[in-house]
1. What is the mean projected area of the alpha carbon convex hull for the chain, to one decimal in square nanometres?
2. Which value at 222 nm does the chain reach when only helices count, each DSSP H run of 4 or more adding -39,500 (n - 2.57), with the total divided by all residues and rounded to the nearest 500 deg cm²/dmol?
3. Say R0 is 35 Å: what FRET efficiency, to the nearest 0.05, do residue 134 and residue 71 get from their beta-carbon distance?
4. Can you give me the solvent accessible area of residue 275 with a 1.4 Å probe, rounded to the nearest 10 Å²?
5. Can you run phi through the Karplus equation (6.51, -1.76, 1.60; θ = phi - 60°) for segment 99-112 and list ³J(HN,Hα) in whole Hz, with x for Gly and Pro?
6. Can you compute the label reach from residue 56? Point 7 Å from Cα along the Cβ direction, backbone N cut-off under 18 Å, restricted to segment 204-238.
7. Per residue, how much accessible area does the chain show when a 1.4 Å probe rolls over the protein heavy atoms, in square angstrom?
8. Along the charge dipole of the chain, pointing to its positive end and built from +1/-1 on Cβ of Lys, Arg, Asp and Glu, which listed residue (216, 119, 261) has its Cα farthest out?
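The values are calculated or read from the model by the stated rules, or taken from the named source; none is laboratory data. Keep in mind the model is a prediction, meaning the values are calculated, not measured. Positions of Cβ are backbone-derived with ideal geometry, glycine not excepted, and every protein chain shown enters the neighbour counts. We work out accessible area using only protein heavy atoms, side chains counted, and drop any ligands, DNA or RNA first. Shrake-Rupley method; radii C 1.70, N 1.55, O 1.52, S 1.80 Å.
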Amino acid sequence: MTATLSLTKQAGNDADGRIHCEGLVRIYKTSEIEVLALQGLDFHVEPGELITVVGASGSGKSTLLNVLGGLDQPTAGVVRVGGHDLMTMNAVQRNAYRRDTVGFVWQQTAKNLQPYLDARSNVEFPLAIAGHPRRARRVRSEQLLEIVGLLDRAKHRPAELSGGEQQRVAIAVALANEPRILLADEPTGELDTATAIEVFDVLRAVNAELGVTGVVVTHDPLVSQQVDRTVAIRDGRISSEIVREGAGLDATRVIAREYAVLDSAGRLQLPERYVEALDLTRRVRLELESDHIGVWPEFEHEESRWERPEAHGFGEDR
Ligand code: ADP
Ligand code: MG
């Protein structure tokens, strides 16, 4: 019986592909300084969703992915992935989690593949470690190479494949043990845009065909636009989300809306350009209306209003 290697769309078990982070903090301590890589980050991904993560260099994207991948332990907060609590996991559970629950694709093509093995053996390598019999390994590797469009390159070693092809093999390797979640840290960062889109099409295909939850960090705006939801990280927090309607594989017309993200404590980060446009500084004035909240710069002549709470909407029953 090779039932564990069936290549079917994962349905039903909803908890399996879900990602839930709340107030995630990761502090790196070096001898001299402390770096706050994640500063209370809230992050949710639904089972079967494919999202992209964008943000300036140093904003915490890789730290987030390493935490989700079980490669790094957060300093504080809640992180649950595929039904596992990553804060309380012991070393043995963590190893099993890395092998079975998540698949990882790195930016550096060389980091993803064994150079001396051909494409097929690369895909079969994690299956061998997990103890699957030879025939089952062969069936699974051929199915995966077909999905990533490289069955005809099965006997090529990484050096005999293009950068884009290597990343497609890397996706097949990451999916070998049927993880519910696929994490990719700038998987197209070393590729030109045309090739990057090809690789991203493969990520979308495995998401659609296998139902794998996907979180993909990318620099390339053309790549990040290909999904229904993009989250932007700034200073170790999610600062905004772009939600698109109709960004499927055959997208013709996409409607995109940008949202600010409200965290569990009700905090909101205003986009930098809004802050600059109105020259907002330390305090802003808020006013609750029936269907929206107004935000105004604090003007000096308005200070008298702050002495009369009822004048600016706080504490009023409307
Ligand atoms: P990104 O992937 O968005 O470029 P990272 O998650 O790699 O950002 O880094 C976030 C911040 O944490 C940066 O300021 C970075 O210098 C710091 N950082 C990352 N890894 C380490 C580490 N191992 N030791 C110390 N500081 C680190
Ligand atoms: Mg990074």
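1. One quarter of the hull surface, i.e. the mean projection, equals 21.3 nm².
2. On the way: 10 runs with 91 residues, N = 318.
The per-residue figure over the chain is -8000 deg cm²/dmol.
3. On the way: r = 30 Å, r/R0 = 0.85.
For R0 = 35 Å, the calculated efficiency reads 0.75.
4. Accessible area, nearest 10 Å²: 50 Å².
5. These are the phi-based 3J(HN,Hα) values: 7, 10, 9, 10, x, 10, 10, 9, 5, 6, 3, 5, 6, 8 Hz.
6. 218-221, 231-238
7. 53 Å²
8. Sorting the options by dipole projection puts first 119.
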